[in-house]
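Here is the structure we will look at.
The values are calculated or read from the model by the stated rules, or taken from the named source; none is laboratory data. Bear in mind that the values here come from a model prediction, so they are computed numbers and not experimental data. Glycine gets a Cβ as well: all are built from the backbone with ideal geometry, and neighbour counts include every protein chain shown. For the accessible areas, the whole protein counts, side chains as well, though only heavy atoms, and no ligand, DNA or RNA atoms are used. Shrake-Rupley method; radii C 1.70, N 1.55, O 1.52, S 1.80 Å.
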Amino acid sequence: QVQLVESGGGLVQAGGSLRLSCAASGRTSSRYAMGWFRQAPGKDREFVAAISGSGGLTRYADSVKGRFTISRDNAKNTVYLQMSSLTPGATAVYYCAETNGVRVTTTPGTYTLWGQGTQVTIST
């Protein structure tokens, strides 16, 4: 059974950086598009970034453009989210997810596999 496992979350000060990783276990490789979402307390889950199956196309939420970078290493079955210039507003549980296609999508309902999430907390 394929599972997605996020790591790299933690507590950082505002202005700092974090790199999240999402490793897929239970398979040898994947060409499916993948994405990162986040959910803050009391708020709906929101799209953060997505990457195509080949890694050649990416898409970002306006709130993170220029500060977050999504990438993937298909040989390692891993997707990354490099986050910089973090603000307290980025505090949330971050989830990685996988679609069943290769195209970039921002809609949570199009993602068929989800990780358990990793907490990111930004202090002032």
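Residue 25 fulfils the conditions (1) more than 20 Å from residue 110 (Cα to Cα); (2) surrounded by 14 or more Cβ atoms within 10 Å (Cβ to Cβ); (3) of a type in the set (Ser, Thr, Tyr) except for a single criterion, (2). Taking only pairs six or more apart or across chains, which ones have beta-carbon atoms under 6 Å, a first residue in the stretch 113-124 that is aromatic (Phe, Trp, Tyr), and a second residue that is part of a strand (DSSP E or B)? Every condition considered, the pairs that remain are 114/95; 114/97. Quick check: is even one residue across the stretch 36-46 touching a Cys at 6+ places or on another chain (Cβ under 7 Å) and within 16 Å of residue 98 (Cβ to Cβ)? Yes, some residue in the stretch 36-46 is touching a Cys at 6+ places or on another chain (Cβ under 7 Å) and within 16 Å of residue 98 (Cβ to Cβ).
Taken residue by residue, the stretch 53-64 has no member that is within 20 Å of residue 104 (Cβ to Cβ), under 10 Å from the mean Cα position of the chain (by Cα) and not acidic (Asp, Glu). Evaluation of residue 121 against the conditions (1) β-branched (Val, Ile, Thr); (2) within 18 Å of residue 23 (Cα to Cα); (3) open to solvent by 40 Å² or more (accessible area, probe 1.4 Å) shows that the sole unmet condition is (2). When the stretch 56-105 is filtered for residues that are without any contact (Cβ under 8 Å) to a residue 40 or more places away in the chain and in a strand (DSSP E or B), the ones remaining, listed by number, are 60, 68, 69, 70, 71, 72, 73. When the test is whether a residue is open to solvent by 70 Å² or more (accessible area, probe 1.4 Å) and touching a residue at least 60 places away in the same chain (Cβ under 8 Å), residue 32 passes it. Checking every residue in the stretch 73-86 against the condition of being at pLDDT below 95, open to solvent by less than 40 Å² (accessible area, probe 1.4 Å) and not β-branched (Val, Ile, Thr) gives at least one match.
Exactly one residue among 13, 3, 39 is in contact with a strand residue (DSSP E or B) (Cβ under 6 Å, 6 or more places away or on another chain), open to solvent by less than 70 Å² (accessible area, probe 1.4 Å) and touching a residue at least 24 places away in the same chain (Cβ under 8 Å), and that residue is 39.
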